[in-house]
Every structure is written in structure tokens, then in C-alpha cells.
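A quick write-up on the structure given underneath.
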Amino acid sequence: MARITLDKLAHSYKANPRGPEDFALKEIDHVWRQGGAYALLGPSGCGKTTLLNIISGLVEPTHGRILFDDRDVTRLPTEARNIAQVFQFPVVYDTMTVRENLAFPLKNRGVDARAARVRVEEIAQLLDLTPHLDRRASGLTADAKQKISLGRGLVRPDVAAILFDEPLTVIDPHLKWQLRSTLKELHRKLDLTMIYVTHDQTEALTFADTVVVMHDGAVVQTGAPDELFDRPEHVFVGHFIGSPGMNVLPCRVEGATAYVDGAATPLSRSYPRLPDGARIELGVRPEFATLEPGGEGLAVRIRRIDDLGRSRIARVELGGRTIAASVAEDASFDGERAVLRLDPARIHIYADGRRVAGEGGAA
Ligand code: ADP
Ligand code: MG
């Protein structure tokens, strides 16, 4: 078991990379603490698999180092790293039984046959594979095969970390929830570092204590799910997390007031140090943008109101942009004109996509 440190890690698949656009991973500094349950979350193509493969040793990085505790493993092969990796699609030996498949990583490392048997049965139990233990893997469904892959990742008790690369892609939706809970339970029992890659925010937020958000080859924020929700450090995080995501509106800031399309909205802090010439934007989640029939606020036009059962979400237009907003339970509207009230304490200000800390006020 180990703490895993990424030290100025960068990777290009090109032989002679020139600019940053040639790098699948830009410079990453990050520490995965021993025993953490991490999700690595980001859209397709942002570099998640590349990063996992560098940690496991399948890919050698162009720049930087990987340390397990204080040991530099950057040039060590996969076998020397004590890492288990579960891929997106099942990797099983069709001619072996389920039991033999699960035992394979243990047999390979010379684990005593009796100890291996006990461990295999324990893992099979956790994954509901017990009834299939003595069947050949070839006849099983894709679901069952992927469970075998998961089991092979989980079976070694000595690993430094287990890396899961979108492991539930081929799993039937109703089984996904159950398997994710199983993984979470295993994490609690085994005191292992787990890194779970996904592009699905629900998967990430339910599995992980700490979510690492990637965008375009870089880590843009690391935090607990509620931190990512409450305080997105990058507009991408605000937008990617949440449903609907954070509204991002171009604005101008003077003192503790933002002007959106010329209309003033109060802020709870002032921003005296916004960089000159930067793109300034206001971010506010739909949960903190309330649509009301009248009163103080930004004048908007209602485009649509959707009833979600427990709440209503409106799409409104302001200065040619669409904004998602909450609608109070008892509010009713006459025509399409309405007022949008933003909670000043829940507004963030961004310069060129990065959150700027305000002065005065709370937080
Ligand atoms: P993700 O897992 O987040 O979808 P990847 O790590 O697979 O992202 O890919 C990151 C970027 O690197 C993408 O632009 C992808 O096209 C590129 N890439 C991935 N693997 C290779 C490879 N073997 N050779 C060249 N380019 C690759
Ligand atoms: Mg991938």
C-alpha cells in the first residue's frame, strides 16, 4: 500500500511534441493518499485512461515522475508496481473456469493454494459469482465476465492501489448501482487506494470521497463532492457537475455589483483585483437563481418551465442567453415576463474561467 505522487507529470503520444496542444496530459501535480476512494471524472478524450496507464506502468510519461511513497517507479514495468487495473471491457480467460480466472493473479504470485481458495471464495461471494465458480467463463454474459474482471482486480490483498477504468460500461443499468455499492463497501473493508475513472458525475459523486476533475489534459479541481458543487474553481467544473449545471454569464464587475447585459445584480463581496483584459463571468447554480413574478432582480423572459415532481426548473432568456433557474413552489406567472433573483452569497466570479476570491463578506 502506498501514497501515489504525480510530480510534474506530462504526456504526449507524439515523438516530437511542440506546443501544449500536442500533450494528452498537461503538467499534473497530484497526491493520491493511501486508502482514498477517488473518482477521476471528465469527458471522453480528456486524458483519464492515459493517466491511469501511466500510474500502472502501461505508458511511460514524456515528462515528470511517479512515486509510490518515496520510491520512484516512473521507469518500472507494471509487474514491479503492485497495481491492479480493471479495464472498460472484460479481460478473462475463456477456457478457464470462473474460479481459475479469479485465482490467476494469486497463483501468478505464488500465493499458497489454500489461502488463495479462501480469498477467491470471499471475492466471489461479494460479487455474486459463487454459483458460477466452477463454470467455464466462455459461456457467461458480458455482465458476469466483467464481474470476473473486477474480481481479478480485487483478489490480490497486497496491491498498492486498484485502478478502475470505466468498469461498469458494459454492465446492465440495474446492476450498476449494486456493483458500485459493492466497490464502495470493499473500499471500506480493505483500506485500499481506489481510483475509479468515469465520465458520469453520478457514478463519481456516489463512489468517491474525493473527486478529481479533468478537462483537456489537466486536473482542474480536486475536492469532496459538496466542494465541487458549492465552489467550482473552474467554469468547466461548475458546468460539468450539477444537473442542470452552473449558469455562466459574461458580466462586468464594479465594487460589489455585477452587471449582466447592463442590468445590476448585487454580490456579497467585491473584486478589486480582477486582471485587466480577462474574460469576466458570473457563475450561479440554478438552485440559487430563483424565478419570481416581480420585485427586485434581473428582468428575463420565460422560455419554458419543466415540472420535475419535487421542483420546477425554468429556462429563461437574458440578453440572448438561456439560464436555468428554480421556481418557487407557489409562484405563478402571467405571460413570459418575470424577474430572476440571484443569491448574492452563492455567486462566483471567474476571470478567464478561473474562480477569483472576493474581498469582504463571507467565504
Ligand atoms: P479518456 O480516457 O479521458 O477518454 P484518453 O486518455 O484515452 O482519454 O485520451 C486522451 C487523448 O489522447 C485523446 O485525444 C486521445 O485521442 C489521445 N490518445 C489516447 N491514446 C492514444 C494513443 N495510443 N496514441 C495516440 N493518441 C492517443
Ligand atoms: Mg478512457
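Each row is one residue, and each column tells you yes or no for (1) within 16 Å of ligand 2 (Cβ to nearest atom); (2) out of contact with any helix residue (DSSP H, G or I) (no Cβ under 8 Å at 6 or more places or on another chain).
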position: LEU163; (1), (2): yes, no
position: ASP191; (1), (2): no, yes
position: TYR196; (1), (2): yes, no
position: ASP200; (1), (2): yes, yes
position: MET214; (1), (2): yes, no
position: VAL219; (1), (2): yes, yes
position: ASN247; (1), (2): no, no
position: GLY262; (1), (2): no, yes
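Taken together, the criteria place VAL253 among residues that are touching a residue at least 40 places away in the same chain (Cβ under 8 Å), more than 15 Å from the chain's Cα centre (by Cα) and not assigned by TED's automatic domain parsing to the domain that holds ALA10. When you check VAL118 against the structure, is it more than 16 Å from ligand 2 (Cβ to nearest atom), crowded, with 19+ Cβ neighbours inside 10 Å and either assigned to a helix (DSSP H, G or I) or on the phi < 0 side of the Ramachandran plot (or both), yes or no? It is false that VAL118 is more than 16 Å from ligand 2 (Cβ to nearest atom), crowded, with 19+ Cβ neighbours inside 10 Å and either assigned to a helix (DSSP H, G or I) or on the phi < 0 side of the Ramachandran plot (or both).
Scanning region 344-358 for any residue that is touching a Ser or Thr at 6+ places or on another chain (Cβ under 6 Å), hydrophobic (A, V, I, L, M, F, W, C) and on the phi < 0 side of the Ramachandran plot turns up at least one such residue. Condition first: over 28 Å from ALA2 (Cβ atoms) and either free of Cβ contacts under 8 Å to residues at least 24 places away in the same chain or touching a Gly at 6+ places or on another chain (Cβ under 8 Å) (or both). Now tell me which residues in region 154-175 satisfy that. Correct list: PRO173, HIS174. Candidates ARG273, ARG310: the one that is out of contact with any Asp or Glu (no Cβ under 7 Å at 6 or more places or on another chain) and closer than 20 Å to GLY242 by Cβ is ARG310. Cβ separations smaller than 9 Å between residues 6+ apart or across chains give the following pairs from region 315-339 residues that are surrounded by 12 or more Cβ atoms within 10 Å (Cβ to Cβ) to residues that are assigned to a loop (DSSP other than H, G, I, E, B) and among the hydroxyl-bearing types (Ser, Thr, Tyr): SER326/SER311; VAL327/SER311.
Filter region 207-263 down to the residues that are polar (S, T, N, Q) and surrounded by 15 or more Cβ atoms within 10 Å (Cβ to Cβ), then identify the one that is farthest from ARG301 (Cα to Cα). Walk me through how you get there before you give the answer.
Initially, region 207-263 is screened for residues polar (S, T, N, Q), giving 210, 221-222, 243, 247, 257.
Restricting the remaining residues to those that are surrounded by 15 or more Cβ atoms within 10 Å (Cβ to Cβ) gives 210, 221-222, 247.
Numbers: THR210: 39, GLN221: 34, THR222: 36, ASN247: 16 Å.
Filtering region 207-263 for residues that are polar (S, T, N, Q) and surrounded by 15 or more Cβ atoms within 10 Å (Cβ to Cβ), the one farthest from ARG301 (Cα to Cα) comes out as THR210.
Only residues that are small (Gly, Ala, Ser), surrounded by 15 or more Cβ atoms within 10 Å (Cβ to Cβ) and within 15 Å of ligand 1 (Cβ to nearest atom) were counted in region 30-56, giving 4. Provide a single number: the residues in region 57-77 that are within 13 Å of ligand 1 (Cβ to nearest atom) and not acidic (Asp, Glu). Total satisfying the criteria: 4. If you filter region 129-181 down to residues that are among the acidic types (Asp, Glu) and away from ligand 1 (no atom under 16 Å from the Cβ), you find that the one that is surrounded by the most Cβ atoms within 10 Å (Cβ to Cβ) is ASP143. Looking at region 1-89, the strands (runs of 3 or more DSSP E) lying wholly inside it that each contain 3 or more residues that are within 16 Å of ligand 2 (Cβ to nearest atom) and on the phi < 0 side of the Ramachandran plot sit at 37-41.
The values are calculated or read from the model by the stated rules, or taken from the named source; none is laboratory data. Quick caveat, the model's predicted, so the values are computed rather than measured. A quick note on method: Cβ atoms are made from the backbone with ideal geometry, for glycine too, and the neighbour counts reach across all protein chains shown.
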